[in-house]
Structure formats: structure tokens, C-alpha cells
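Working notes, beginning with the structure itself.
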Amino acid sequence: MSVPAPVLERLQGVLGPAGLITEGPDLEPFAIDWRRLFPGVPACVARPATTEQVAAIVRACHEAGIPIVPQGGNTGLAGGAVPDASGRQVVLSLTRMAAIREVDPVGMTIEAEAGCILKVAQDAALRENRVLPISLAAEGSATIGGVVAANAGGVNVLRYGMTRSLVLGLEVVLPDGTVVNGLRRLRKDNAGYDWKQLFIGSEGTLGIVTAAVLRLLPRPQHSVTALMSVPDPNAALRLLELSQNELGDTISAFELISRTSLQLVEKHAGLKPPIGEGEWFVLIEAASSLSGMREAAETVLGTALENELALDGVVAESGSQAAQLWALREHVTESEAREGKSVKHDVSVPLSAAPQFLDEAGTALAAGAPGTRVNAFGHLGDGNIHYNVLVGAEHDATSVNRIVHDVVARFGGSISAEHGIGQYRVGELARYRSKAEMDLAARLKRTLDPEGLLNPGKVLASSTGSSGRSSAPDHNE
Ligand code: FAD
Ligand code: MLT
Ligand code: ZN
């Protein structure tokens, strides 16, 4: 613990005894990421309960030159929310700021504090017959602040867009402790720069999100969920087109799941798919205020079987059967973690190139990293594949990354579709983005955080915003 005593006293004065953890086992949950890849050593954990307390902590740390790592639910998959091993970084946990300040069913907005759990916000919206359509398997622990800071994706992006498209207003604390309140609920607001966009997806490197206003949508009265097995990813894409023709813009999710993923789920979570053979599966959800969803989904399945786009399929007959189908998808990440070491790739490619990407990445891995197994699944409707590679002790994570990311680059894709860069992909970002883009990012960082005290080493290699183009990628197993 290396916060000088006078600074510690100042933090204690701001937060009181409930708001500061300085030693012991209570520090542990804040010290290591969900995947347990990046163990760190927090100088202490500050747990403010108000925006004013956040500002006071940030100001105190700024004056003393102490780095801060913002943390929400700590479910991030890129190591962005944990401190390094220096023992010098203060973790700023937002979880005590968990209030829902208002749900407005007419204006269709929700205002929540940063530490509010995503599921709690979703449920609050549902009680008003509205939906907050950000949905991910970690929604029971991820926070609104973390979701905004990560610009989280999830399973509903196809219809509702990433988190960014749902954020109407933000309140942030800048790296020097200045509070900027932009908690407006306006659908239209072109008055000056739309500065909130800088903080959405910046992974806590430019400012601390203390509260957000998010857009809600009417709650659809009818929904349908279907699972189909398909002969190959090409057929999955044609099935997407067929589904769109039949179900239009009511499709909210179109998820690809490989047989390997389902085998892992069966092995580690004991869940079995209700349909038979096939190397690839597609989980489709559609929802609407109008009836006829089930009939439309059955037409899709019938036509897909007739045209050999699907080998087998089931349309859920009840809410609980739909939940069982979704459980297969939602348990993939946890089951993969139980299986052992994996090298994750959260990539996106232009949608029509997804089948060819899967093909070429498989060939490149078989040649460059024999003995690895691919656990591919994800948000096919968005061109976002979680191309996770199960590796053994003999495999080098950096070279596995390089093999997959080079294929992604050939297709003009992205090395992070939704999880972000964190510390996991810092070197990789510098490798695949142009010098001009990295320099622009560094200039933004220096403008807002010239001392490099906010989440140093995340997104950009150097805390003061150097682009890090020459650094090697982190070890990613
Ligand atoms: P944290 O993990 O605590 O932090 C994430 C980043 O945001 C860090 O860089 C942190 O410093 C920063 N941060 C946190 N709070 C703040 C704040 N208030 N102000 C400024 N910066 C802050 N992600 C997806 O996009 N799609 C998925 O489908 C998906 N599925 C997942 C499934 C599982 C099983 C798991 C474990 C994770 C999944 N994730 C997914 C990743 C993760 O849940 C999301 O990135 C989520 O948004 C993180 O929220 P959090 O509150 O846990 O943030
Ligand atoms: C998911 O979609 O389940 C997660 O984002 C993927 C992952 O674990 O790689
Ligand atoms: Zn995902």
C-alpha cells in the first residue's frame, strides 16, 4: 500500500470508514479480473457513495499524482478494470452508487447511477412496460457505468445497436476532479460538441462515469425464440436473410454457436440442446407488439428445412423453453473458462465475409498452432465472432493472437468488436490501427488527462498517451 499517509487521511475524511478498504482479504475481489489473467495490487479501494465524493477522491489523487483505476462490476473481459502490480494505483469502485434516479415511461428514459447493476435497471424498465435492450450474460453483475465505459454490445445489437446508441446523457468526473453534468434526456441535441461520445467506450481512460440517462423502448408483447442447426456458416448467413425477409426488423438476436461451444456447455453446465446433429447452430429471437411471431418463425424453419439451410430446428413453445434455449448460449463463456486456458478473440468482419473468415482463420491456426481447438460463437447478425482458441501449455498466446488477427485484418475487420482493449489488447491495437489514428487517440488522452493518471496502461500503452506502436502485445492466455 503506497498512498502517502496525508492523502490516505484525506480519502478517509471524504469517504468515512465504509468507503475505504486499505488492507486484508476485502481487497481481493477488486484486485483481479473475471478471467483471472491480470492479478494486481490495489493501493486501496475507494468506494464513494455520491458524485461529490467521486470528485473529491479524484481531486485528491490528482493533486498527489496517484493513478486511479475505475471499476464497476469487474466483469470486463479485457483486464481494463484492475490495477497493475505496482501497489500504487487506487481502485475507484462505483458499486455503492447504485440508485435508479428515475424511470420515465412517457419520455422513455431511465436515469441511473454508475454502480446500478444492468439487470436491476432492466427490471425497473420492465415494471413500467418498457425495455432497456442491453443484454449480456454478465448482466447480473455488470454495472451501468461499466457498460457505458465499455460501450458494451451483447445479444440485441442487431436491432438496438451498441450501448452508445442508447445513451442520451452522461455525468462524468474528469481526471482533475471537475464534474461535468450532461444528464439531458433529449432525443435531439446538436448544441455544441457531443462530448459524451468521448467517454462511451473509452474504458475509464478519459473520465469517470457517475450517472447516465439511457433510452428505453416499448416492451414487445410477443416474442419467439428458435434454435436451428445449419450445415455451415454460409447457410447461417442465408438463414439470416430468410429470417429478415420473414420477420423483418423484429429480429433482435441472431447468434451463431458451434458444436464445440455446445459440447463445452454440456460438459461443464450439464445443458443439452434439444435438436440433433450439425456443426453449427443458430439461435434466433424476434419480438414485436403484434402477434403472429410464432407462425412467422415456423415459416422460417419450414422454408429453411426445405431449402437445406437448416438441418433441424425447434421453435420454443413457452417462455420457459425459450429460456432453456438461451441458457445454452449464455453458458458458453463460463463453460469455456472451466475447460482451461483460452486465447480470446472478440473480432468483427463485414457480415458477408464471416464464413470466409471462419474458414481462413481455421486453416491458418491449423498450420501455425497445431493442437489448438477453436470455440467459435457470437453475434453473427453483427458480424461479431468470439473466435476463442483453447490452448495447451505448449502454445504461445501471442502468436495465436497474431495468426487470428492477421486474418481479421485481411478482411478489414476489428480486433475488438465489443469487449474493448483494456490491457489485454494494447499491443495489438497499436499494431492494427494506423499511426494517424493512434496519434489522434494519444492527443485526446493528453488533452483530458495530461498527467496520465486515469486508468494508465489501458487502451494506450503509455499512461501519457503515447501510441505504443512499438510495444509487443501482452501475453494473453
Ligand atoms: P468493469 O469490468 O468493472 O469495467 C470495464 C471497463 O470500464 C474498465 O476499463 C473500467 O475501468 C471501466 N469502468 C467501469 N466503470 C466505470 C465508470 N463508472 N466510469 C468509467 N470507467 C468505468 N461484453 C459485451 O460487450 N457483450 C457481451 O455479450 C458480453 N458478455 C459477457 C459474458 C460474460 C459471462 C462476462 C463475464 C462478460 C461479458 N461481457 C460482454 C463483458 C462485460 O460484461 C462488459 O464489458 C460490461 O460492460 C462490463 O461492465 P462492468 O460493470 O463489469 O465493468
Ligand atoms: C458473449 O457474447 O457471451 C461474450 O461476449 C463472449 C466471450 O466470452 O468471449
Ligand atoms: Zn459477446
Checklist entry - Which one of T95, T143, T75, T163 is under 18 Å from R184 (Cα atoms) and modelled with pLDDT of 95 or more? => result T163
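Being among the charged types (D, E, K, R) and away from ligand 1 (no atom under 13 Å from the Cβ) is the filter here, so list the residues in the range 374-420 that pass it.
Initially, the range 374-420 is screened for residues among the charged types (D, E, K, R), giving 382, 394, 396, 402, 406, 410, 418.
Answer for the range 374-420, where residues must be among the charged types (D, E, K, R) and away from ligand 1 (no atom under 13 Å from the Cβ): E394, D396, R402, D406, R410.
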Checklist entry - Which of (1) over 18 Å from E418 (Cβ atoms); (2) within 15 Å of ligand 1 (Cβ to nearest atom) does Q197 not meet, given it meets every other one? => result (1)
Item to check | Residue match in the range 148-156 (condition: more than 16 Å from ligand 3 (Cβ to nearest atom), outside the structural domain of L240 (by TED's automatic domain parsing) and within 25 Å of V459 (Cβ to Cβ)) | outcome: yes
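Okay, residues lined up against (1) more than 30 Å from R402 (Cβ to Cβ); (2) out of contact with any Ser or Thr (no Cβ under 9 Å at 6 or more places or on another chain); (3) in contact (Cβ under 8 Å) with a residue 40 or more places away in the chain:
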{"residue": "E317", "(1), (2), (3)": "yes, yes, no"}
{"residue": "T333", "(1), (2), (3)": "no, yes, yes"}
{"residue": "E336", "(1), (2), (3)": "no, no, yes"}
{"residue": "K341", "(1), (2), (3)": "no, yes, yes"}
{"residue": "V349", "(1), (2), (3)": "no, no, yes"}
{"residue": "Q356", "(1), (2), (3)": "no, yes, yes"}
Next on the checklist: Here is a check on your reading of the model: is R187 more than 27 Å from A60 (Cβ to Cβ), exposed (fewer than 13 other Cβ atoms within 10 Å of the Cβ), more than 18 Å from the chain's Cα centre (by Cα) and basic (K, R)?
Outcome noted: yes
Item to check | Unmet requirement for I134, which otherwise passes all of (1) under 23 Å from E255 (Cβ atoms); (2) among the β-branched types (V, I, T); (3) away from ligand 2 (no atom under 15 Å from the Cβ); (4) buried (at least 24 other Cβ atoms within 10 Å of the Cβ) | outcome: (3)
Checklist entry - From S348, S289, S352, which residue is at pLDDT below 95 and within 29 Å of the chain's Cα centre (by Cα)? => result S289
Checklist entry - Being farther than 26 Å from H331 by Cα and either surrounded by 23 or more Cβ atoms within 10 Å (Cβ to Cβ) or within 16 Å of ligand 3 (Cβ to nearest atom) (or both), is that true of even one residue in the range 380-392? => result no
Checklist entry - Among the residues of the range 225-236, is there at least one that is over 27 Å from E334 (Cα atoms) and of a type in the set (D, E, K, R)? => result no
Next on the checklist: Whether any residue in the range 127-143 is outside the structural domain of P39 (by TED's automatic domain parsing) and among the basic types (K, R) is what I want to check.
Outcome noted: yes
Item to check | Criterion violated by Q324 - all others in (1) over 20 Å from the mean Cα position of the chain (by Cα); (2) farther than 20 Å from F281 by Cβ satisfied | outcome: (2)
Checklist entry - How about the range 160-178: which of its residues are out of contact with any Lys or Arg (no Cβ under 6 Å at 6 or more places or on another chain), more than 16 Å from ligand 2 (Cβ to nearest atom) and not in a loop (DSSP other than H, G, I, E, B)? => result R164, S165, V167, E171, V172, V173
Next on the checklist: Kindly evaluate G413 against the criterion of being under 22 Å from L283 (Cα atoms), touching a Ser or Thr at 6+ places or on another chain (Cβ under 7 Å) and more than 13 Å from ligand 2 (Cβ to nearest atom).
Outcome noted: no
Checklist entry - Can you tell me how many residues in the range 260-278 are at pLDDT 95 or above and farther than 22 Å from A323 by Cβ? => result 1
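Over 19 Å from V157 (Cβ atoms) and of a type in the set (K, R): is that true of R215 in this structure?
Values: over 19 Å from V157 (Cβ atoms): no; of a type in the set (K, R): yes.
No, not satisfied.
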Next on the checklist: Among the residues that make up the range 50-66, is at least one of them away from ligand 1 (no atom under 12 Å from the Cβ), in a loop (DSSP other than H, G, I, E, B), surrounded by fewer than 24 Cβ atoms within 10 Å (Cβ to Cβ) and at negative phi?
Outcome noted: yes
Checklist entry - Of the conditions (1) touching an Asp or Glu at 6+ places or on another chain (Cβ under 9 Å); (2) modelled with pLDDT under 95; (3) farther than 30 Å from D232 by Cα, S462 fails just one. Which one is it? => result (1)
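Results for (1) of a type in the set (G, A, S); (2) surrounded by fewer than 20 Cβ atoms within 10 Å (Cβ to Cβ); (3) assigned to a loop (DSSP other than H, G, I, E, B), shown as yes or no for each residue.
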site: N234; (1), (2), (3): no, yes, no
site: S243; (1), (2), (3): yes, no, no
site: A253; (1), (2), (3): yes, no, no
site: L264; (1), (2), (3): no, no, no
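Looking for something buried (at least 23 other Cβ atoms within 10 Å of the Cβ), within 24 Å of S223 (Cβ to Cβ) and away from ligand 3 (no atom under 16 Å from the Cβ) - is there at least one such residue anywhere in the range 82-91? Before you say what the answer is, go through the steps one by one.
Going residue by residue through the range 82-91, those that are buried (at least 23 other Cβ atoms within 10 Å of the Cβ) are 82-83, 89-91.
When the remaining residues are screened for being within 24 Å of S223 (Cβ to Cβ), the result is none.
The answer is no, given that none of the residues of the range 82-91 is buried (at least 23 other Cβ atoms within 10 Å of the Cβ), within 24 Å of S223 (Cβ to Cβ) and away from ligand 3 (no atom under 16 Å from the Cβ).
The values are calculated or read from the model by the stated rules, or taken from the named source; none is laboratory data. Quick caveat, the model's predicted, so the values are computed rather than measured. Positions of Cβ are backbone-derived with ideal geometry, glycine not excepted, and every protein chain shown enters the neighbour counts.
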